[in-house]
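A short write-up of the structure that comes next.
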């Protein structure tokens, strides 16, 4: 890492060089983002995960730039083209775009019209013309006629010289920069339906004859048009006013009205139409795709975070149902740890006799396994099955909950599921996933590819590498924010704990199975290959609920146990006393425990943790019911007010499950009576809402909804307005970091895209 990167990153992210240096040092030592944010606050000046990740990502970008710079210098030196002036330009280039523009004239290229003309010896003629002195081009060109070289006439010589000039124009750094600015402000997307594809591509009807400015096109429309193009239903172009572009280029290269200038102007116009314009179109398509990807990934990440942190029901005896009509409902019973106890298939929706049999089986299972909650998947036959179960004479103490089963089928066919339940079929595994998802969404959802969970926007169209990296970050962040009970966690959940990974997670599970539950965090050191570094990174995020040391169930890191021990000695009490009695904690003078390594930020965290050891940061679980009698889209009528659950947020609106197997859309204009820029300002994934039905399109299976004036269920606490202020503060900070990040993404059109929003 170049030391020059530190002040640069600090300036870009509005941090101090000390903060950036400390963060980079910790990352270089193998520390994870959650660990640094939680346990190294003194070193970083209390940077949060967003800031630490921004430093990490920017550092990686700069290192990639350095790597490319070195490769270019090496290539030029090997070919004898590296001059001191050129080297200085390359070393001073601050973005990948500038670097590539500098390198473009020297880049090894296939034979072009210009290279062929140079082979014919026409470069001196091009230089004469480009000088645009008073001269007769044809007369000068006559001297370059050489039939042996394929130059049969003065006209041929002029044409070749103009080809060379056209390439110079295309490779000119200033010209390319001006064209980028021009395209970013004036270019438009233009999409058209491919003839005779109208019926087949009807879902892209909005884009059959569509035009809009590039600099204001939202991400979802860019991705939609590109998908329509990819699927062969649309043509998509990026077009700009040609006359204005040529005027800019003429101003750069044409110096007069003489015959030589006329030749240069012809070459400039040829360069634009044949080289520059297609190049700019390609660049801006890539740039807008990158911008659209970033926005779609940002939306996906936030939706996934909210879904992963959805309220858990907790450890309960669960009866889970994977509904079905023809094949029946697969029923499983799980104990409080999620262990499969029993499986059954019932047919409540086929006949009266089958329904009576299903009734007796459910009641018997509820009694035999002391069922405390019933989870019903919200897929096919979900509402019908829910209605059937609600009609049974069940104990009032048994909660009945509809569970979003998106991704359950993916899990059921996965290697993870086969490893967990090698002797069960996919229907049983799917039902187990539904039940466990109710108990603890986070613990179960980490077993499923996030792209299969159903909260993304065009997730299969965006950059898959960038998507995976961002999703991995949010899963790691969520898992470590909640903490993991080491004696019950699956291998998949442990994998995401700071400092572990698949191999160590597997080792922990194998050790646990062989030696029984861990009695202390210290016992983790007995796991094969779990060394001091991994222990340091992981220990604070692992919980042992009934451990020997009460601190093992908290987020207090083992390295800080001596501090708590000192507090206990000074107060003449036990650790448990300190956890239970607020009056004892109020007597603690934190300044007394400040040292060179431990400051007030860590001490405040310790004190907070002692007051609520191992507290789950997720909200409390609340039961929810869809409207009775509204079970299919045909039951939905305009004007109805229906309870629903937010399933997905996009840039253009919010999807809400109202219990009819087809999510309705609340367009962003219907989210509130005030202007809403970002749907996350108003609602979040898994939030319970009360919506008004605006329109129902049975043919296209579309339901238009509104949240205006009826945002919440009657009697429900308005969570959005009073929502965790710290969470909103962090979101605003994250948005700011994201904007800052976009200034150095090596996207040449970023400046223009930012300006449109100012």
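Please treat every number below as a calculation from the coordinates, not as lab data. Note that the structure is a prediction, hence the values are computed from the model and not measured. Quick reminder, even Gly has a Cβ in these numbers, built from the backbone with ideal geometry, and neighbours come from all protein chains shown.
Tabulated results
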| quantity | calculated |
| --- | --- |
| Simple label model, 7 Å out from Cα along Cβ direction - residue 361 to residue 252, nm | 7.4 nm |
| FRET efficiency, 1/(1 + (r/R0)^6) with R0 25 Å, evaluated for residue 398 and residue 628 via beta carbons | 0.85 |
| Using alpha carbons only: equivalent-ellipsoid semi-axes of segment 379-419, gyration tensor based, whole Å | 28, 13, 8 |
| Cα centroid separation, segment 153-231 to segment 638-671 (Å) | 35 Å |
| Measure of compaction for segment 131-186 (Cα Rg per 2.2 N^0.38 Å) | 1.56 |
| Simple spin-label estimate for residue 520 and residue 64 in nanometres, 7 Å along Cα-Cβ | 4.6 nm |
| In degrees, nearest ten, helix 725-742 long axis to first principal axis of the chain (Cα) | 20 degrees |
| Burial order of peptide ranges 325-333, 236-244 (average beta-carbon count within 10 Å, highest first) | 325-333, 236-244 |
| Cα-based radius of gyration of the chain once divided by 2.2 N^0.38 Å, which approximates compact folds | 1.18 |
| On Cα atoms only, tilt of 49-78 relative to the major axis of the chain in degrees | 30 degrees |
| Residue-averaged 222 nm ellipticity for the chain, from DSSP H runs of 4+ at -39500 (n - 2.57), nearest 500 | -14500 deg cm²/dmol |
| Ellipsoid equivalent to segment 513-611 - semi-axes via the Cα gyration tensor, in Å | 26, 16, 10 |
| Cα-Cα P(r), segment 120-304, percent of pairs per 5 Å interval | 1, 8, 14, 14, 12, 11, 10, 8, 7, 7, 4, 2, 1, 0, 0 |
| Descending principal axes extents, segment 241-349, alpha-carbon based, whole Å | 92, 33, 19 |
| Fraction of antiparallel bridges per DSSP, the chain only, in percent to nearest 5 | 75 percent |
| Compactness of segment 423-518, expressed as Rg and Dmax over alpha-carbon positions, Å | 14.9, 46 |
| Ellipsoid semi-axes in whole angstrom, largest first, where each is sqrt(5λ) of the Cα gyration tensor of segment 625-678 | 22, 12, 9 |
| Rounded to 10°, Cα long-axis angle of helix 426-439 versus longest principal axis of the chain | 80 degrees |
| Taking only Cα atoms of segment 5-106, radius of gyration then Dmax in Å | 17.0, 52 |
| Relative contact order computed over the chain (Cα-Cα under 8 Å; 6+ residues apart), in percent | 11 percent |
| Tail beyond 27 Å, pair distance distribution of segment 293-451 (Cα, percent) | 22 percent |
| FRET E, pair residue 472, residue 100, Förster distance 41 Å, beta-carbon r, rounded to 0.05 | 0.90 |
| Whole-angstrom Cα spans of segment 121-225 along principal axes, big to small | 62, 33, 19 |
| Whole-percent pair-distance distribution, where bins are 10 Å wide, for the alpha carbons of segment 574-717 | 10, 31, 18, 11, 16, 11, 3, 0 |
| Protection proxy ranking, peptides 99-112, 255-268, 694-707, average beta carbon neighbours within 10 Å, highest first | 255-268, 694-707, 99-112 |
| Distance from segment 272-344 to segment 592-627 (C-alpha centre basis), Å | 28 Å |
| Segment 1-66 and segment 462-541: distance between their alpha carbon centers, rounded to Å | 23 Å |
| Cβ crowding within 10 Å averaged over residues, with 431-442, 535-546, 132-143 ranked highest first | 431-442, 535-546, 132-143 |
| If the convex hull is drawn through the Cα atoms of segment 35-180, its volume per residue in Å³ | 163 Å³ |
| Cβ-Cβ FRET estimate between residue 652 and residue 619, R0 fixed at 25 Å, reported to 0.05 | 0.40 |
